[in-house]
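Have a look at the structure below, then the notes.
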Amino acid sequence: MKAVWYEEVGAARSVLKCGERQIPVPGVGEVLVRLHASGVNPSDVKARAGTRGGKSELPYPFVVPHSDGAGVVVEVGGGCRRVTPGNRVWICNGQWRRQYGTAAEYIAIDENYCFHLPDSVSFATGAALGIPALTACHATTGYGDLAGRAVLISGGAGNVGRLAIQFARRAGAFVIASGRGAADKEHIASAGANAFVDFTSTSFVGDVLAATHGRHIDHAVEVEFGANAEHLSELLSERATVVTYGSARVLRPDLPFYKFLFKGIRLQFLLVYLLTQSERFEAANRVIALLENGQLDVPIHSELGLVDCTVAHELIEDSGRKGAVVLRMAEAA
Ligand SMILES: NC(=O)c1ccc[n+]([C@@H]2O[C@H](COP(=O)([O-])OP(=O)(O)OC[C@H]3O[C@@H](n4cnc5c(N)ncnc54)[C@H](OP(=O)(O)O)[C@@H]3O)[C@@H](O)[C@H]2O)c1
């Protein structure tokens with residue numbers, strides 16, 4: 001099969017290789033999926049660069065990158081119950097603690113990491129779901145009822161953020177989303193946010209409170225915790241929840257501890273790979289229900305070929321993208 005891999009961490013242009021690899025054999029509880037598309041996420045790019053979780057040593061002789069993908073099940077291993085050959089599926093956790101991710105024509109993967117892809121949904125969209133949609137869905141619906149609550153989505157033009165806006169609105173929240181400049185404002189408005197606030201504004205806290213008519217935030221979904229912790233400490237209501245899933249720009253955040261403490265803030269770190277099976281199924285089922293009703297907008301920024309994996313990684317490293325970056329497998333297009 002055609003696949004992309006790296007044997008050492010480093011810049012995409014230096015380490016990514018494209019060539020032939022053996023088609024994997026599904027083990028017990030695994031299915032073999034003929035991939036039609038592979039989604040590229042910041043986590044994949046950081047792993048390849050050697051900056052994910054500070055780990056720069058590869059645990060395998062080579063790694064086929066990417067966690068997310070979509071395709072058709074072609075074979076099932078022993079003991080599989082949920083998935084059968086011919087099923088269209090979207091995939092998560094492809095390369096989480098595993099050697100073989102989705103940047104290949106086939107993947108053998110635990111059937112519990114495969115979810116129904118409705119016929120009406122393209123493989124490219126399916127490959128854009130795993131990390132962003134499960135993170136967005138769990139961050140908004142996984143910690144209590146949001147109906148009537150004031151919810152701040154940080155980085156609402158990002159892949160996770162824009163989906164989080166949609167889940168929070170569906171849950172009945174009043175949603176304020178932050179972004180950078182006019183292009184983000186439009187992208188965020190089209191996802192259904194009630195209000196937009198520019199995170200580069202020097203009056204960010206006042207801008208948020210103006211948008212909520214003075215009401216404080218009950219639930220925050222935070223993409224850049226270190227950069228925004230101080231603002232959050234001002235904006236949160238007592239006993240509010242902060243679900244944070246990233247802090248790429250400030251790796252060792254200063255936490256205004258007593259401001260958080262005296263509001264009794266619930267601070268929740270979310271790592272999507274570590275959702276329990278029931279949390280993962282619950283989020284995936286919500287995603288599928290919205291997809292089936294045409295109610296989830298998942299923008300695609302670029303669709304490229306497998307051989308363009310380097311370009312795809314560099315696009316993810318750039319600022320200002322609007323939507324997912326997906327690789328299509330040529331023969332399956
Ligand atoms: N823990 C987990 O399970 C998990 C899951 C998914 C993603 N992540 C991490 O979360 C981050 C975002 O992922 P993504 O796929 O959504 O990436 P993305 O599409 O690049 O979105 C990130 C967004 O955050 C914005 N941003 C930058 N600085 C900000 C700030 N100070 N305040 C608010 N927003 C800011 C960016 O704007 P500009 O482009 O204009 O800078 C961009 O719109 C990555 O670091 C990723 O590794 C973690």
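Here are some notes:
- Local net charge near ALA127, Cβ-Cβ under 15 Å (Lys/Arg +1, Asp/Glu -1): -2
- Summing Cβ point charges (Lys, Arg +1; Asp, Glu -1) relative to the Cα centre of region 251-309 gives a dipole of roughly 560 debye.
- Accessible area per residue (1.4 Å probe, heavy atoms of protein chains only) ranks VAL33, VAL76 as VAL76, VAL33, with the largest value leading.
- Taking the Cα centre of the chain as reference, the dipole from Cβ charges on Lys and Arg (+1) and Asp and Glu (-1) amounts to some 360 debye.
- Between the helical axis of 130-141 and the longest alpha-carbon principal axis of the chain there is an angle of about 30 degrees.
- Magnitude of the charge dipole for region 133-273, about its Cα centre and with charges confined to Cβ atoms of Lys, Arg (+1) and Asp, Glu (-1), is about 240 debye.
- Other residues lying with their Cβ under 15 Å from the Cβ of ILE165 contribute a combined charge of +3, Lys and Arg counting +1, Asp and Glu -1.
- Looking at region 1-65, the trypsin sites (Lys or Arg not before Pro) that sit in a DSSP loop and have at most 13 other Cβ atoms within 10 Å of their own Cβ are LYS55.
- Compactness of the chain as Cα Rg over 2.2 N^0.38 Å, two decimals: 0.99
- If the segment from ALA147 to MET1 were pulled out straight at 0.36 nm per residue, it would be longer than the present Cα-Cα gap by 47.8 nm.
- Summing charges over neighbours of HIS216, with a neighbour being any other residue whose Cβ is under 12 Å away from its Cβ, gives +1 when K and R count +1 and D and E count -1.
- Across region 78-88, rounded Karplus estimates of 3J(HN,Hα) from the backbone phi angles (6.51 cos²θ - 1.76 cosθ + 1.60, θ = phi - 60°) give x, x, 6, 10, 7, 10, 10, x, x, 5, 7 Hz, Gly and Pro being marked x.
- Potential lengthening between ARG180 and TYR258 on full extension [0.36 nm per residue; Cα-Cα distance subtracted]: 25.1 nm
- Pairs beyond 23 Å (Cα-Cα), from LYS46/LYS259; LYS17/LYS55; LYS46/LYS322; LYS2/LYS322: LYS46/LYS259; LYS2/LYS322
- Looking at the chain alone, DSSP beta bridges between its own residues are antiparallel in about 55 percent of cases.
- The packing ranking, built from the mean of other Cβ atoms within 10 Å per residue, places the peptides 299-308, 146-155 in the order 146-155, 299-308, highest first.
- Counted over region 1-125, the DSSP beta bridges are approximately 95% antiparallel.
- Seen against the Cα atoms of the chain and their longest principal axis, helix 277-292 is set at about 90 degrees.
- Note on region 133-273: the C-alpha convex hull projects to 7.6 nm² when averaged across all orientations.
- Partners for LYS263 among aspartates and glutamates (Cα-Cα distance below 15 Å; same-chain residues under 8 apart left out): ASP218, GLU230, GLU234, GLU238
The values are calculated or read from the model by the stated rules, or taken from the named source; none is laboratory data. What you are looking at is a predicted structure, and each value in this text was computed from that prediction instead of being measured. FYI the Cβ positions are ideal-geometry reconstructions off the backbone, even for glycines, and counts take in every protein chain you see. Keep in mind that these areas ignore ligands, DNA and RNA; they rest on the heavy atoms of the full protein, side chains included. Shrake-Rupley method; radii C 1.70, N 1.55, O 1.52, S 1.80 Å.
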